[in-house]
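What follows is a single structure, written as structure tokens, with notes after it.
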Amino acid sequence: MIIGIDTSLGTAVAAIARDGEVLVDEQSANPLGHAEVIGDLLRRATAAAPAPAHVAIGMGPGPFTGLRVGIAAARVYALGRGVPIVPVPSHDGVALGVLLGDALTHADTGRFAVVTDARRREFAFSVYEGLDDDGLPVRLADAALSPRDDLDARLADLEAVRVDATRVSAAMIALAAARAVDAGRTLAGAEPLYLRSPDVVAAHAPKRVS
Amino acid sequence: MNAPLVLGIETSCDETGIGIVRGRQLLSNTIASSMDEHARYGGVVPEVAARAHLEALQPSIDTALAEAGVTLADLDAVAVTSGPGLAGALMVGVGAAKGLAVALDKPLYAVNHLVGHIAADILDADAGELEYPTVALLVSGGHTSLLLVRDLTSDVELLGETMDDAAGEAFDKVARLLKLPYPGGPEIDRAAADGDPTAIRFPRGLSRASDMASHRYDFSFSGLKTAVARWVEQHEAAGQPVPVADVAASFREAVVDVLVTKALDACARHGVPRLLLGGGVIANKRLRDVALERAAAAGVAVRIPPLRLCTDNGAMIAALAAELISSGRRPSTLAFGADSTLPVTEIQVAEDADAEPPTPATVADAAAPGGAP
Ligand SMILES: [Zn+2]
């Protein structure tokens, strides 16, 4: 069993069986309030999967403050359980959902970009095309930022269909993690996909007061 | 079972604190600070602090467990700072604490950071019992508060607090004015060593007779900072060298004077001959010396926890939770968040009316060795 946690868009917690069966798939649509809901969602997932073998974490991109709540909870939860974490780019979870949906409906999205709001008049996007032999989305371009007004032109250049995501399924994060573990692959580094350095103003000379 | 074994998580500002206590016994006080990362910005940058907390959490927990010689499975409860503090920084600790409590299926206590500073005192094995009521003066880069503590777990009253900058912030800002590095406290101290504290009479904020009605125990340091800036500018404009030592000593004296005067005034007006000092600025030796000297003259006994327990830390959070457990308080629900302006009267957040109170055995054993209330 795998517990999945993603707080890159709202708060999502899931538990899946090793064969991919979804046991719990919980969402809080509230884009804020991650810290308030993560504990109860995690407790429900734990009730369904009392002995998880892994904890899958959506590493973003996403608004930093909320994103960190899920990563902090997931890392320390895994520490408490004594099980390893499996970092997953949050866009991979969205892409896997799109591709599995295609398989069910015999649709073919072709090359596409998962697009999420990155605030500051920017979008975050990652480009995908199809599933590989391990059942994982083929990521043609890692997550990057684009000014909102430029995105459509960039995606046209990449010949990628735009798929706007407003939620990330923790079950898909967990499923991507399960497939990565099976294949012995690593999908993301251990650090959050911030994509931006901390937005800060360096120390400036003191303002005059007289 | 012995006194409750509690792990405390503190992330309200720029220190990631993991503490482990058994009742009133300190087992580990592990602190990872991101202070160096803030130095080039001249002050704490919230996003930098929050990122550093996330990185430091897990290694700090591992270090604390190793130092305490316990495992996570041994813990009786988890404690965390819910507020006050920087919202994004607090949320890292809240998320982590909930993850740990759910993973271990152990009770979680969400507590007040400021009251935690008072609880630091009970971990000082050499200090003897904390007597009530006591006035507490908490001074750091994030807060400047004067409290009346009638009981650590149930009755803490806010007498006053800063209306603008915290005292530690004032030290940082004046250090920058004097072209000294961050953090300002130790730098101002060093510069003041050869200075004359009476050289310049800087203003004492909110200390006029007209302030006494509504701001008797409140503080204000922004006017002081502006006065220092103006004094320095006028000197520079006149082409005179700035006597940094005298400015630093006179500024520090103004801060220390107003802190100690208001704290002892609170002791006198409430008939409380006890003053507890806490917060990182207590590291300032001049503040400690003046407080001890003037308190002695006023017949007030001063308590100062060891400095490692005065700065922000997780041990004080664990200690407060251990006291709550020993006094029979139920754990918090999992539904609380970070509250950056949590009032000091809320010692514990989101106490769960439906939860089991700690087992009688726990309370009885906890009360025995440490002499719980
Ligand atoms: Zn503090």
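The values are calculated or read from the model by the stated rules, or taken from the named source; none is laboratory data. Predicted model, so just to flag it, every value in this text is computed and none were measured. Backbone-built Cβ (ideal geometry, glycine too); neighbour counts: all protein chains shown.
Where the second residue is surrounded by 17 or more Cβ atoms within 10 Å (Cβ to Cβ) and among the aromatic types (F, W, Y) and the first is part of a loop (DSSP other than H, G, I, E, B) and lies in region B:341-354, which pairs have Cβ atoms under 9 Å and are six or more apart or on separate chains?
Qualifying pairs under 9 Å: B:A350/B:F336.
Criterion first (of a type in the set (A, V, I, L, M, F, W, C), surrounded by 24 or more Cβ atoms within 10 Å (Cβ to Cβ) and outside any helix (DSSP H, G or I)) does B:L277 satisfy it?
Working: of a type in the set (A, V, I, L, M, F, W, C): yes; surrounded by 24 or more Cβ atoms within 10 Å (Cβ to Cβ): yes; outside any helix (DSSP H, G or I): yes.
Judged against the criteria, B:L277 is a match.
What are the residues in region B:2-57 that are more than 14 Å from chain A (Cβ to nearest Cβ), under 30 Å from A:L195 (Cβ atoms) and among the polar types (S, T, N, Q), if any?
B:S33
Say we look at region B:217-242 and pick out the residues that are assigned to a helix (DSSP H, G or I) and touching a Lys or Arg at 6+ places or on another chain (Cβ under 7 Å); which of these is nearest to B:D265 (Cα to Cα)? Show your work before the answer.
First pass over region B:217-242, keeping only residues assigned to a helix (DSSP H, G or I): B:222-237.
This time we only want the ones that are touching a Lys or Arg at 6+ places or on another chain (Cβ under 7 Å), so: B:225, B:233.
Numbers: B:K225: 24, B:E233: 34 Å.
In this case the residue turns out to be B:K225.
Can you find a residue in region B:41-52 that is within 16 Å of the ligand (Cβ to nearest atom), in a strand (DSSP E or B) and of a type in the set (A, V, I, L, M)?
Pass one, region B:41-52, residues within 16 Å of the ligand (Cβ to nearest atom): B:43-44, B:46, B:49.
Checking which are in a strand (DSSP E or B) leaves us with none.
No, because not a single residue in region B:41-52 is within 16 Å of the ligand (Cβ to nearest atom), in a strand (DSSP E or B) and of a type in the set (A, V, I, L, M).
Looking only at region A:24-36, decide whether some residue is within 19 Å of B:V92 (Cβ to Cβ), assigned to a helix (DSSP H, G or I) and more than 9 Å from chain B (Cβ to nearest Cβ).
No, region A:24-36 has no match at all.
Look at B:D289 and say whether it is of a type in the set (D, E), under 23 Å from the mean Cα position of the chain (by Cα) and crowded, with 18+ Cβ neighbours inside 10 Å. Talk me through it step by step, then tell me what you get.
Details: of a type in the set (D, E): yes; under 23 Å from the mean Cα position of the chain (by Cα): yes; crowded, with 18+ Cβ neighbours inside 10 Å: no.
So B:D289 does not fit the description; no.
Name the residue that is farthest from the chain's Cα centre (by Cα), counting only residues in region B:1-28 that are away from the ligand (no atom under 14 Å from the Cβ) and of a type outside the set (A, V, I, L, M, F, W, C).
Going through the qualifying residues, I end up with B:N2.
How many residues does region B:111-143 contain that are within 16 Å of the ligand (Cβ to nearest atom) and in contact with a helix residue (DSSP H, G or I) (Cβ under 9 Å, 6 or more places away or on another chain)? Give the derivation first.
Keep residues of region B:111-143 that are within 16 Å of the ligand (Cβ to nearest atom), which gives B:111-121, B:123, B:136-143.
Then keep just the ones that are in contact with a helix residue (DSSP H, G or I) (Cβ under 9 Å, 6 or more places away or on another chain); that gives B:111-113, B:115-121, B:123, B:136-143.
Adding up the residues that qualify gives 19.
Which residues, taken from region B:101-124, are within 14 Å of chain A (Cβ to nearest Cβ) and not small (G, A, S)? Give the derivation first.
First, pick out the residues of region B:101-124 that are within 14 Å of chain A (Cβ to nearest Cβ): B:101-110.
The answer is B:V102, B:L104, B:D105, B:K106, B:P107, B:L108, B:Y109.
Taking region B:250-274 as the region of interest, how many residues are of a type in the set (D, E, K, R), surrounded by fewer than 22 Cβ atoms within 10 Å (Cβ to Cβ) and under 22 Å from B:A192 (Cβ atoms)?
Keep residues of region B:250-274 that are of a type in the set (D, E, K, R), which gives B:252-253, B:257, B:262, B:265, B:269, B:274.
Pick out the ones that are also surrounded by fewer than 22 Cβ atoms within 10 Å (Cβ to Cβ) and you get B:257, B:265, B:269, B:274.
Filter once more, so that each one left must be under 22 Å from B:A192 (Cβ atoms): B:257.
Qualifying residue count for the region: 1.
Residues in region A:64-82: is at least one in contact (Cβ under 8 Å) with a residue 60 or more places away in the chain, more than 14 Å from chain B (Cβ to nearest Cβ) and out of contact with any helix residue (DSSP H, G or I) (no Cβ under 6 Å at 6 or more places or on another chain)?
The initial filter retains those residues of region A:64-82 that are in contact (Cβ under 8 Å) with a residue 60 or more places away in the chain, namely A:64, A:67-71, A:73-74, A:77.
Checking the rest, the ones that are also more than 14 Å from chain B (Cβ to nearest Cβ) come to none.
Within region A:64-82, not a single residue is in contact (Cβ under 8 Å) with a residue 60 or more places away in the chain, more than 14 Å from chain B (Cβ to nearest Cβ) and out of contact with any helix residue (DSSP H, G or I) (no Cβ under 6 Å at 6 or more places or on another chain).
Table: residues versus (1) part of a strand (DSSP E or B); (2) at pLDDT 95 or above.
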position	(1), (2)
A:G93	no, yes
A:L96	no, yes
A:L104	no, no
A:E129	yes, yes
A:D142	yes, yes
A:L145	yes, yes
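May I ask you to list pairs of residues, at least six apart or on different chains, whose Cβ atoms are under 6 Å apart, with the first in region B:139-159 being without any contact (Cβ under 8 Å) to a residue 24 or more places away in the chain and the second being away from the ligand (no atom under 13 Å from the Cβ)?
B:R150/B:Y132; B:R150/B:P133
Can you say whether B:L146 is closer than 18 Å to B:V256 by Cα, within 16 Å of the ligand (Cβ to nearest atom), part of a strand (DSSP E or B) and touching a Lys or Arg at 6+ places or on another chain (Cβ under 7 Å), as far as the supplied structure shows? Before the answer, list the steps.
Values: closer than 18 Å to B:V256 by Cα: yes; within 16 Å of the ligand (Cβ to nearest atom): yes; part of a strand (DSSP E or B): yes; touching a Lys or Arg at 6+ places or on another chain (Cβ under 7 Å): yes.
In short, yes.
Got a sec? Which strands (runs of 3 or more DSSP E) wholly within region B:66-139 have at least 3 residues that are in contact with a Ser or Thr (Cβ under 7 Å, 6 or more places away or on another chain)?
Values: elements: B:77-83, B:108-112, B:134-139.
Answer list for region B:66-139: B:108-112.
Could you check region B:29-40 and list, in sequence order, the residues that are away from the ligand (no atom under 16 Å from the Cβ) and at pLDDT below 95? Please lay out each step first, then the result.
Pass one, region B:29-40, residues away from the ligand (no atom under 16 Å from the Cβ): B:30, B:36-37, B:39-40.
Matches in region B:29-40: B:D36, B:E37, B:A39, B:R40.
In this structure, does B:A50 turn out to be closer than 23 Å to B:G99 by Cβ, touching a Phe, Trp or Tyr at 6+ places or on another chain (Cβ under 8 Å), hydrophobic (A, V, I, L, M, F, W, C) and in contact (Cβ under 8 Å) with a residue 40 or more places away in the chain? Walk me through how you get there before you give the answer.
Working: closer than 23 Å to B:G99 by Cβ: yes; touching a Phe, Trp or Tyr at 6+ places or on another chain (Cβ under 8 Å): yes; hydrophobic (A, V, I, L, M, F, W, C): yes; in contact (Cβ under 8 Å) with a residue 40 or more places away in the chain: yes.
Spelling it out, B:A50 is indeed closer than 23 Å to B:G99 by Cβ, touching a Phe, Trp or Tyr at 6+ places or on another chain (Cβ under 8 Å), hydrophobic (A, V, I, L, M, F, W, C) and in contact (Cβ under 8 Å) with a residue 40 or more places away in the chain.
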